[in-house]
Amino acid sequence: MRTYAGHSTAKASNELYRRNLEKGQTGLSVAFDLPTQTGYDPDDELARGEVGKVGVPVSHRGDMAALMDGIPLDAMNTSMTINATAAWLLALYIVAAEEQGVSQEQLQGTTQNDIIKEFLARGTYAFPPAPSMRLIADMIAYTVEHVPKWNPINICSYHLQEAGATPVQEIAYAMSNAIAVLDAARERVPEASLEKVFGRISFFVNAGVRFIEEHAKLRAMSILWEELGRERYGVQDERHLRFRYGVQVNSLGLTEAQPENNVQRIVLEALAVTLGRDARARAIQLPAWNEALGLPRPWDQQWSLRIQQVLAYETDILEYPDIFEGSKVMEALVDELLEGARAEMAVVSEHGGAVEAVPYMKAALVDSHRERIRRIESGEQVVVGQNRYTETEVSPLTADAEGGILVVDPAVEAQQVQDVRLWRSERDQTAVDEALAALAAAAGDVNADENLMVPTIAAARAGATTGEWSRTLREVFGSYHGPTGVGEAAAATADADLSELQGEVSRLQEKLGRRPKILVGKPGLDGHSNGAEQIAVRARDSGMDVVYEGIRLTPAQIAASALQEGVHVIGLSILSGSHRELIPAVIEALHGAGVTAPVIVGGIIPDQDVPALRKAGVAAVYTPKDFDITRIMRDIVALVGASADGGGASADGGASANASASANGSA
Amino acid sequence: MNAEGAALGLRLRERDVTAAPAALNLLESTAPADLEQAAELLQAVSPAALGGEAPGHVIGVTGPPGAGKSTLLSALLHAWRASGRTAAVLAVDPSSRRSGGSLLGDRARIEFDPADRGTLIRSMAAEQRLGGLARATRISAEALAAAFDVVVIETVGVGQSETDVADVVDTVALVVQPGSGDVLQFLKSGIMETPDVLVVTKADLGQIAMRARRDLGAALRSLGSSRARVLAVSALAPASGIDELALALDEHREGLDIGGHRVRARRAGALNDFLVEHGERGMRALGGRRAAETLLAEQDPGADVQALMAALERRMA
């Protein structure tokens, strides 16, 4: 039992971990901030506003030592939610253990290390697919030999469901992903170790509120996994064939409206993964009830831990053998899912496997998500408190001043920037330069002879930083933009609402002289692009020209795009909590470029932050409770229309922008 | 309401690239007042007003999806900017105009410095009409060529769209990746016109890329085309062949009778616009295609497309 945690600084997170361990938590689950996850130091331009936000910043071995200070690493089971930079963070962890006098053979834990789902759903990738797979294979090969109790990879279907995956898609894409990983690992480990590698692969799945079907999904995954082990990889040992998985239950279905209802949703979802012994989770993480509102506080996390404790110690759930054995209903449900998953796996295989099929899978997920939203909008799918039974008493839980969320002190970022600069100035620079040169050489070697973990650990020991390690590899591997999936998304099925909206858009077009053009942008490092994607697809379906450039944009990039594309309105999506810093920074960049098109913002924005954003110049703010996207589109049409009425220049960002740019230029 | 066309045209003529976004907004507009302003803008950058052809090199970059066009363009932009040349890219998006709207995502894949005013990337939706590249794309390229040193029209496809591009640009570069047998077939069967420069990407694939380059070279020779260059490039780090490609593009332009080429292109464009506007019936009213071509040939070589179109319409009346 553990809760996913980490924020602000290594020292603050260390205190939080120690408190949680005292309360009966049995392991650590480390949340890293987005710069660490994507390979940037706190003083990088892209890290602005993101440092210490969704997790802890770890820039070098000093940070890792502080994070694990006083926690005995030989006795600890540590799960790290880290992917693109997993090899680096494991190296830092190994070095921190060394400093405690603990050898790497003793270390236990998991690095998430699943890059394909980053391309599909979560967005914290750093390198192109092929070299990313090499890093994963190298980590597997290294840990199987030197860190035998470590789970080098945790295949995540969790994020796929968050991105809209149906149960069939979740099963099929997770299994296809595992095949890609195992095939890559097969090239890097001795044949005899393959069985052990198979046995070390664990999964991280999702469980939604339709908990009967979700339980069937897990049974289906167990069956497929065993089949895969026996047939494709020749695994015989029963222990290695067991489908091992951990769970974080669904966040997508948690609502901002009447957030207390999320508690019962979380309980039901926990049942999906515990009810039947044959497909029971090995580890469970429950989200906090107020996750849709912002970063949970210690008390919110305690509540989630207590749910698990009630289930485990008060109920009789753990006392029986598998309670679904012999159930015809369950069997039929499992068979149906298996059939669907096998068919979808065949499609992925036809695309050349999971790596090659990333664009296909991405588009399929965007499509499923679009369908899900349509059902909620139309009321076909009931979400209590959101699209039905919406009347509510005032909640005492969210009434306190901070609106019920933990706020990271903005001073943290400035401090981290100073710290990392100090670190760089005090270390042995020659040793770092040499270590990074050795890393670059190993990465650039066409035969890929050396395992990249070796120079990575050497660089960690020498005192290199997260940003330096990543930059060294980016220079060798090239950088990469993942597919957005939106271009391929099918058009919406025609309905009365949509055609009315299309009418409004074409009337607006007549007024503007050209088709309304919207820029949908994701500033910062946050890779959760579902919202932005759905806005982009719906804007297209309503007849607008949509410029969508995917994730990880700097304010300067957004401003340049808005100017060059001549857009009428700019929509920014941000979920990492860094809106307070990033949105004003984008608006400043837009003004600097002379763009006057109105800006709207969507994401996890607490109510009390709205006035400041409005003051900075944001025309409208949307949060998860605004689930009706068609209504948002109507607002946009009205906004652009009003802006066109409001005066010549402001209707056309580009036009006025250039007049002023030129004036400045010639002055 | 858009900024005044003549003023924008003047700024472009003075090679003020910061006038470009507003100029494009105006040129895309179909509002009656804007059309007048757009006409004034185009007038200001017409060969007559410039006293010659626009200085920019207009290059069509085309090829099938996944061939590596965006990566290649990133590298080319870098090379052009490094040599001090300004460059604009019109990215014509293929996945467009479903339910009227479009998703324009191509610019995301082209890397450039957002603070650099000497680079411009503008996405345009491919209009679903027969008979060539959207008029907006063509007039945009014309206007940008007055201000930028290089103007790229990026289109996707093999077999049709690149012939449309050929009518508008000075140089056509076809981008293919190794193992594109279909391109070979299209070339041989004559479905596809011969490009001026054929670029085989992903040269880092080694043998496969070299073989593709040889095959394409042989195919071109068998078609009797000794003119087209075939180059292998790798746009990924460590990049190779990019400078050679930039040079090959320059050389093609230098070898071109640019005046004659663009006059032909404008006349073809006018004929095309006329057909779209008035159909075969209009053409018959002119006395047929041949008569229309004769009429166009009698016009001033410096006349821009709209002037040529006006001449055709006067004859029809």
| query | Right, A:Ile140: farther than 26 Å from A:Gly550 by Cα and either touching a residue at least 60 places away in the same chain (Cβ under 8 Å) or not in a helix (DSSP H, G or I) (or both) or not? | reply | yes
| query | Of all strands (runs of 3 or more DSSP E) completely enclosed by region B:25-112, which ones contain at least 1 residues that are under 18 Å from the mean Cα position of the chain (by Cα) and small (Gly, Ala, Ser)? | reply | B:57-63, B:87-93
| task | Go through A:Gly70, A:Gly62, A:Gly109 for me and flag whichever is in a strand (DSSP E or B) and surrounded by fewer than 24 Cβ atoms within 10 Å (Cβ to Cβ). | result | A:Gly109
| task | Answer yes or no as to whether A:Leu498 is in contact (Cβ under 8 Å) with a residue 12 or more places away in the chain and more than 9 Å from chain B (Cβ to nearest Cβ). | result | no
| Can you tell me which residue in region A:512-543 is farthest from B:Leu103 (Cα to Cα), limited to those that are facing chain B (nearest Cβ under 7 Å) and without any contact (Cβ under 8 Å) to a residue 60 or more places away in the chain? | A:Gly513
| In this structure, is B:Glu142 under 22 Å from B:Leu271 (Cβ atoms), surrounded by 21 or more Cβ atoms within 10 Å (Cβ to Cβ) and at pLDDT 70 or above? | yes
| query | List, please: which pairs have Cβ atoms under 7 Å, are six or more places apart or on different chains, and start with a residue in region B:43-64 that is without any contact (Cβ under 8 Å) to a residue 24 or more places away in the chain and end with one that is not in a loop (DSSP other than H, G, I, E, B)? | reply | none
| request: Residue by residue through region A:370-385, note down the ones that are of a type outside the set (D, E, K, R) and under 24 Å from the mean Cα position of the chain (by Cα). | output: A:Ile373, A:Ile376, A:Val383
| note | Counted residues in region A:315-345 being among the charged types (D, E, K, R) and in a helix (DSSP H, G or I) come to 7
| query | Of all the helices (runs of 4 or more DSSP H) wholly in region A:594-657, which have at least 2 residues that are more than 14 Å from every other protein chain (Cβ to nearest Cβ) and modelled with pLDDT of 85 or more? | reply | A:610-616, A:629-645
| request: Please work out which one of (1) within 14 Å of chain A (Cβ to nearest Cβ); (2) assigned to a helix (DSSP H, G or I); (3) over 30 Å from A:Tyr480 (Cα atoms) is the condition B:Thr18 fails and give its number. | output: (3)
| query | Which of the residues belonging to region A:294-329 are within 29 Å of the chain's Cα centre (by Cα) and not hydrophobic (A, V, I, L, M, F, W, C)? | reply | A:Gly294, A:Pro296, A:Arg297, A:Pro298, A:Asp300, A:Gln301, A:Gln302, A:Ser304, A:Arg306, A:Gln308, A:Gln309
| note | Given the conditions (1) within 30 Å of A:Arg48 (Cβ to Cβ); (2) within 10 Å of chain B (Cβ to nearest Cβ), every one holds for A:Gln509 apart from (1)
| request: Search region A:469-480 for residues being under 23 Å from the mean Cα position of the chain (by Cα) and either within 20 Å of B:Ser234 (Cβ to Cβ) or buried (at least 22 other Cβ atoms within 10 Å of the Cβ) (or both), and hand back the single one that is farthest from the other protein chains (Cβ to nearest Cβ). | output: A:Trp469
| remark: Per the filter on region A:443-468, residues within 14 Å of chain B (Cβ to nearest Cβ) and part of a loop (DSSP other than H, G, I, E, B) are A:Asp445, A:Val446, A:Asn447
| Among (1) in contact with a Leu (Cβ under 7 Å, 6 or more places away or on another chain); (2) farther than 19 Å from B:Ser140 by Cβ, where does B:Ala310 come up short? | (1)
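The values are calculated or read from the model by the stated rules, or taken from the named source; none is laboratory data. Being a predicted model, the structure only gives us computed values, none of them experimental. Every residue, glycine among them, receives a Cβ derived from its backbone with ideal geometry; neighbour counts consider all protein chains shown.
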